[in-house]
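Inspection log for the structure reproduced underneath, given as structure tokens.
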């Protein structure tokens, strides 16, 4: 029977248990984790259908979840319109996988945004446990297995850096929210652990972005820690960066040297250049998108890109990435889905930022959203199934970490 009363708690316990296990297993490349994420979305859908009036009472929460859904369905619409067999089929498959995850998250988010059970403390504990587990394993790979750049169980170190950033931001903010003695000391220790693993991925963007994101979340945090603790953390970050940098100076030096080689080779259009190739790809993305403002297939983009490169040989390095993506979330979307795709992507970002500042400020969600946007400047998060899953789970954890109103206690539904 349709009711405005709170749904039975068993739905919430099942949904969040699946999400917690997924959060702990997806970073290790276990397919089981993604399957559980889908199971959580199926249970959420059943809960919503049985309690549709309850879940649509808060219009803003409902609209935000619809915007999440629209973002996922937009990709499905593009796939239906343009997908075709051929050498670019892996691109279509990647977007199909991430679109399904976003759609699943949109359903779970509606349940999480309207959650009345006091689940904040267990969310924080689980988030800290997952963060320690993943970072400890990453450190083990780097220091004991002596991997040149840690990969967890993947073959792409940049993706690992993004996963670690999302998980670590949730862990760090959870430590701050958890009211225990010496949390400032725990926070500092967790920063050293997490930043060490970020360095060991060898991903320059993450090395720079992660400390900035930590400072940003501390600044945005409101009514959780005393001002003196905020100031202490902000002042300590440069000291911690310097000390951690000394521990891993060889890795940092190698990445700086590689950057300098890329800069020196800017005019060598035939050699691999991880820095300026991104610039050339983004230029190609803009020009090919301008020719198809309502969207196009990957094949059509590749053909247009070859014409662009033919006219401007300086962009030659971009051609090797035509079977992958253009290394910028907005420009990649522009080059394939056109103006409507960019609108849906920006609506997704905007919805998350709106949730971050609605009522009590959610600095954890703001930090995760900022990471999603920042990394989207030089890569495409929504191309990787693993990165997408972890960021979406981090968003769910951030929503659940928000303290519920005092009147919102655990309720049962008949």
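Values computed for the structure shown
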read-out	value
All helices (runs of 4 or more DSSP H) inside the stretch 291-397 with 2 or more residues being within 22 Å of residue 163 (Cβ to Cβ) and free of Cβ contacts under 8 Å to residues at least 40 places away in the same chain	329-357, 363-375
Filter result for residue 278 (assigned by TED's automatic domain parsing to the domain that holds residue 79 and within 21 Å of residue 377 (Cα to Cα))	no
Subset of the stretch 259-271 that is within 32 Å of the chain's Cα centre (by Cα) and exposed (fewer than 14 other Cβ atoms within 10 Å of the Cβ) - its residue that is modelled with the lowest pLDDT	271
Any hit, the stretch 44-57, residues being modelled with pLDDT under 95, over 22 Å from residue 355 (Cβ atoms), in a loop (DSSP other than H, G, I, E, B) and more than 18 Å from the chain's Cα centre (by Cα)	no
Residue that is nearest to residue 278 (Cα to Cα), among those in the stretch 219-255 that are without any contact (Cβ under 8 Å) to a residue 40 or more places away in the chain and touching a helix residue (DSSP H, G or I) at 6+ places or on another chain (Cβ under 7 Å)	234
Meets criteria (at positive phi and in the same structural domain as residue 60 (by TED's automatic domain parsing)) for residue 338	yes
Criterion: assigned by TED's automatic domain parsing to the domain that holds residue 242, modelled with pLDDT under 95, surrounded by fewer than 23 Cβ atoms within 10 Å (Cβ to Cβ) and under 17 Å from the mean Cα position of the chain (by Cα) - qualifying residue of 209, 205	205
Criterion violated by residue 142 - all others in (1) under 30 Å from residue 59 (Cβ atoms); (2) assigned to a helix (DSSP H, G or I) satisfied	(1)
Unique match (being crowded, with 19+ Cβ neighbours inside 10 Å and in the same structural domain as residue 351 (by TED's automatic domain parsing)) among 146, 124, 132, 139	124
Any hit, the stretch 61-75, residues being within 30 Å of residue 325 (Cα to Cα), part of a loop (DSSP other than H, G, I, E, B), assigned by TED's automatic domain parsing to the domain that holds residue 20 and in contact (Cβ under 8 Å) with a residue 40 or more places away in the chain	no
Test: residue in the stretch 281-301 that is surrounded by 20 or more Cβ atoms within 10 Å (Cβ to Cβ), closer than 30 Å to residue 67 by Cα, out of contact with any helix residue (DSSP H, G or I) (no Cβ under 6 Å at 6 or more places or on another chain) and not assigned by TED's automatic domain parsing to the domain that holds residue 222	yes
Residue that is modelled with the lowest pLDDT [pool: residues in the stretch 346-375 that are buried (at least 21 other Cβ atoms within 10 Å of the Cβ) and over 16 Å from residue 113 (Cβ atoms)]	363
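The values are calculated or read from the model by the stated rules, or taken from the named source; none is laboratory data. This one's a predicted model, so the numbers in the text were calculated from it and none came from an experiment. In this analysis, Cβ positions are derived from the backbone assuming ideal geometry, glycine residues included, and neighbour counts consider all displayed protein chains.
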